[in-house]
Amino acid sequence: MKAKIYPEPAKDSVWETLITLQGGKDMVDIKKLIQKGANMIRDAKSILVFTGAGISTESGIPDFRSPGGLWTKYDPSDFYFQRIISDEKAREKYWKMSSEYWDVMRDAKPNRGHLAIKKLEDAGKLLAIVTQNIDRLHHKAGNSPEKIIELHGNAFFVSCLSCGKKYDRDEIERRIKEQGIKVPYGDKCGGILKPDTISFGQALPQDKLEAAFRCASICDLCIVLGSSLVVYPAASVPSHAVQNGAKLMIINRDPTPFDGDAELVIHESISKAFGDMVDLALSN
Ligand SMILES: [Zn+2]
């Protein structure tokens, strides 16, 4: 049995969903959906949580793809991996964009949605978190590092593409900001430095991808939080879970191509809907 999609697919406004929720009748509907989700969590023994940019926007981290996001200020084609490694000008643009993003990300704090996932781990129900995010907010929320699979890498370290030396991101950012360096290079070998994130045109780490699919094949519930499920191959992780018999729940602002496979779909704020749902599921 499929729950109805709530509310109707979003139109232009990002916040239309929340505005719709001000109405009384709709509030009753959302409560029923949260109750249904809580029951699914209560019944589950091994939950795979799949997170995307939507869970982090509520911590103030902008979604690249949103209106007003970074891709409206920069041209994504400048940031393909091949351009970054072959073109000094592209590297300069890349670091300018990336440093601006870093300033926001470094100090961001996990929100109620992240903390709800931590509660699932504390309750012994969390198999793993597979995330498309590079912001380490699941680490900051206190989830065990071994349970966090970062498919797109993370922004907190920088590596030399020649010798592999790793640097703290803050150290490199200090060079850029305090010494006015536009493009940083490796200390010893002079190699190209790049944050440990996966850029366009760069393959996902095979070990992470395999771990994600392994978890998808053995979980009994997959919960998607804040991903539009359009970036591959990450987006095929939840459908792999469904193919292997898991139930699927999706909480995302907008509809996704996989809403039809889900037992429950909620278009609502993650910190509110998922936060309430987990509290309900773990209460007596
Ligand atoms: Zn090096």
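Every number here is computed from the coordinates shown, using simple stated rules; none is lab data. Computed from a prediction, not measured in an experiment: that's the story for all the values here. All Cβ positions, glycine included, derive from the backbone under ideal geometry; neighbour counts span all protein chains shown.
Remarks
- Helix runs (DSSP H) in the chain reaching 30 Å along axis by Cα, Kyte-Doolittle at least -1.0: none
- Percent of Cα pairs exceeding the 21 Å cut-off, where the set is the range 70-182: 47 percent
- The overall shape of the range 111-150 is oblate: from the C-alpha gyration tensor, with semi-axes ordered a ≥ b ≥ c, the ratio a/c is 1.5 or greater and a/b is no larger than b/c.
- An oblate overall shape is assigned to the range 81-136, the ratio a/c of its alpha-carbon gyration tensor axes (a ≥ b ≥ c) being 1.5 or greater and a/b not exceeding b/c.
- Subset of K109/K194; K31/K109; K119/K147; K109/K166; K96/K194 violating a 22 Å alpha-carbon distance limit: K109/K194; K31/K109; K109/K166
- Rounded, prolate or oblate (a/c below 1.5 giving rounded, otherwise prolate when a/b exceeds b/c) for the range 217-256 by Cα gyration tensor: oblate
- For R42, R83, the sequence from fewest to most other C-beta atoms within 10 Å is R42, R83.
- The range 236-281 versus the range 75-107: alpha-carbon centroid distance in Å: 32 Å
- With N counted as the residues of the range 220-284, its alpha-carbon radius of gyration over 2.2 N^0.38 Å works out to 1.11.
- Estimated 222 nm signal from helices in the chain, with DSSP H stretches of n ≥ 4 weighted -39500 (n - 2.57), rounded to 500: -12000 deg cm²/dmol
- Percent of Cα pairs exceeding the 26 Å cut-off, where the set is the chain: 45 percent
- Aspartates and glutamates with Cα under 17 Å of K32, excluding same-chain neighbours fewer than 8 positions away: E8, D43, E263, E268, D276, D279
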